[in-house]
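Here the structure comes first, spelled out in structure tokens, and everything after it is commentary.
The values are calculated or read from the model by the stated rules, or taken from the named source; none is laboratory data. Note that the structure is predicted; figures quoted are calculated from it, not measured. Neighbour counts run over all protein chains shown; Cβ positions are idealised from the backbone, glycine included.
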């Protein structure tokens, strides 16, 4: 036998115990129906417990002590949504504070960063994760609206905190590593930023953006920039270097990049600018 969830037209979910006999499935019992996720979890636990003995018949013998039976009854009544996972917050939350991101007082920023590290997935799945494991309930539209707020209000702060932490950790930023990647979108139309170009993901039919990332030794982040998706990657190197230098007063470092970046023109320009 096994437990099955059936979604009804009304939107509720029925929890059933199913048996298979001679290749045919049979509903042994419908344990209950509910729209509440907590109640559905409880019905599943109840159904699994009923499979261990005939329907409507209590077990004849119990080998559990009174204390163990009390604990078992308590645990069986708990749903996944009543259990909060605190490990990611204890570990990633502490690192979040040590780096200095807690200067941003918006709790949603903290929740999204920790969730992204613990459970890297889509925005929709992130909302599900926060609800299921942290007891935080929100709509996915709230996340999308916050991303606009993050870009408009907090972006400069996040970048400054990141750079200062890298500077404290490395002491002296004398060597930097630069590379680019492409990020494509499941969309049909281009716009001012998302353009069809050479795709590192092989998604040549999708509009994309170009992301240029500058890091220090051991991969500590220094800065990044985004470019139109049809930009030649070699044309992104100097703008990123010059932008970071203007922003943070970075002394001109030794630059390491792959051969696609180091065209004769770029090498000449790097030498001219004394990199």
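Might you let me know whether segment 106-120 holds any residue that is farther than 27 Å from residue 226 by Cα and out of contact with any helix residue (DSSP H, G or I) (no Cβ under 8 Å at 6 or more places or on another chain)?
No, that holds for no residue.
For residue 201, are the conditions met, namely being under 21 Å from residue 259 (Cα atoms), in the same structural domain as residue 255 (by TED's automatic domain parsing), exposed (fewer than 13 other Cβ atoms within 10 Å of the Cβ) and in contact (Cβ under 8 Å) with a residue 12 or more places away in the chain?
Taking the combined requirement at face value, the residue satisfies it.
What residue, among those in segment 71-92 that are at pLDDT below 85 and part of a loop (DSSP other than H, G, I, E, B), is surrounded by the most Cβ atoms within 10 Å (Cβ to Cβ)?
Looking at the filtered set, the residue picked out is 79.
Go through (1) closer than 30 Å to residue 122 by Cβ; (2) modelled with pLDDT of 90 or more; (3) surrounded by fewer than 15 Cβ atoms within 10 Å (Cβ to Cβ) one by one and return the number of the condition residue 268 breaks.
For residue 268, the failing item is (1).
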